[in-house]
1. Could you please tell me which pairs satisfy a Cβ distance under 6 Å, a separation of 6+ or placement on different chains, a first residue in region 76-94 that is at pLDDT below 80 and surrounded by 10 or more Cβ atoms within 10 Å (Cβ to Cβ), and a second residue that is assigned to a helix (DSSP H, G or I) and of a type in the set (A, V, I, L, M)?
2. Looking at Arg97, Arg72, which one is loosely packed, with under 14 Cβ neighbours inside 10 Å, under 49 Å from the mean Cα position of the chain (by Cα) and in contact (Cβ under 8 Å) with a residue 40 or more places away in the chain?
3. Quick check on this structure: which one of Ala263, Ala271, Ala239 is over 29 Å from Thr143 (Cβ atoms), in contact with a Pro (Cβ under 7 Å, 6 or more places away or on another chain) and either crowded, with 19+ Cβ neighbours inside 10 Å or small (Gly, Ala, Ser) (or both)?
4. From the list Glu232, Glu212, Glu223, pick out the single residue that is surrounded by fewer than 17 Cβ atoms within 10 Å (Cβ to Cβ) and in a strand (DSSP E or B).
5. So which residues in region 152-167 are surrounded by 15 or more Cβ atoms within 10 Å (Cβ to Cβ) and either small (Gly, Ala, Ser) or not in a strand (DSSP E or B) (or both), if there are any at all?
6. Assuming Val218 fulfils every condition listed in (1) at pLDDT 95 or above; (2) assigned to a loop (DSSP other than H, G, I, E, B); (3) in contact with a Phe, Trp or Tyr (Cβ under 6 Å, 6 or more places away or on another chain) apart from one, which condition is it?
Amino acid sequence: MRGLNLDALRTFAQVIELGSFSAAAERGGITQPAVSLQVRQLERRFGLKLVERVGRRAGPTAAGLELLTHIRAIDAALAQAEQAMTAHASQVTGRVRLGTGATACTYLLPPLLADLRRRFPALDVVASTGNTADMLRGLESNTLDIGLVTLPAPGRMIEATPVLEDEFVAIFPARGPLAIPDAVTPQALAALPLVLFEPGARTRRLVDDWFEEAGVAVKPVMELGSTEAMKEIVAAGLACAVLPRMAVSGAGQRGSLALRSLAPRLARTLAVVVRRDKPLSRGLRHLQEALLALRT
């Protein structure tokens, strides 16, 4: 069944409201035969009589009266749709789905998201965390709109723009018996109790590669998924750890933790990733611009 003609529905409603085909024609700026044709088309579509004469006045049948109720509901829904689209055109609204790693979500993005909320209060940014592979799958399946991930970010449909280099550092207890080596090499760290990210994370793969390139087999005493848990373990004097610098550069960390650069240096690159064919809504474009502004 083909869609209903909104003009015909409105013409029918005007006939009932005004009680006259000629008055409906005058209001609508069309001829009376055109009004009669639109009403007949509706009656043929439904197989029902919709208008009847009551004296000299056109009135609704029982079916016509019920149809009139639905027409008013349709008009109200269309008015709401107009208002919603006007809001989209005049301000940044909607929902944008952002995927990123837990470290960036915790230590890098809160000020950026707070600024977006201040500038665009009607924009809803929904952030989820996972590893790079999770984020890329989300982009490809369109369950995510944009991501901030650790490179590499392979995928024929993925456009990746590097924005930020994040150095890895070794962290040690600021006090206690655990000696801090003069040079924090793979060999020196492997000789100490070490806590690392759990296997599967891109950051863990980078750290493992750093050890492997030096020919060092590392056996961590703990493998954890929480950066905060790793810092607490180190602060308690139980081990040392390798973490992205952004996770330990906040105020209050210096008192209980000692930071040292790695030798040789190790860093990761964060990139903004989107599907190449992704249409950019106004909200998504503003979030993308904010993420690209992180570029160093």
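1. Thr93/Ala87
2. Criteria check complete, one pass: Arg72.
3. Every option except Ala239 fails the conditions.
4. On the way: Glu232 fails: in a strand (DSSP E or B); Glu212 fails: in a strand (DSSP E or B).
Result: Glu223 is the single residue among Glu232, Glu212, Glu223 that is surrounded by fewer than 17 Cβ atoms within 10 Å (Cβ to Cβ) and in a strand (DSSP E or B).
5. Correct list: Ala153, Gly155, Ala160.
6. Every condition holds for Val218 apart from (1).
The values are calculated or read from the model by the stated rules, or taken from the named source; none is laboratory data. Worth saying up front: this structure is predicted, and the values here are computed from it rather than measured. Here Cβ is always computed from backbone atoms with ideal geometry, including for glycine, and neighbour counts include all displayed protein chains.
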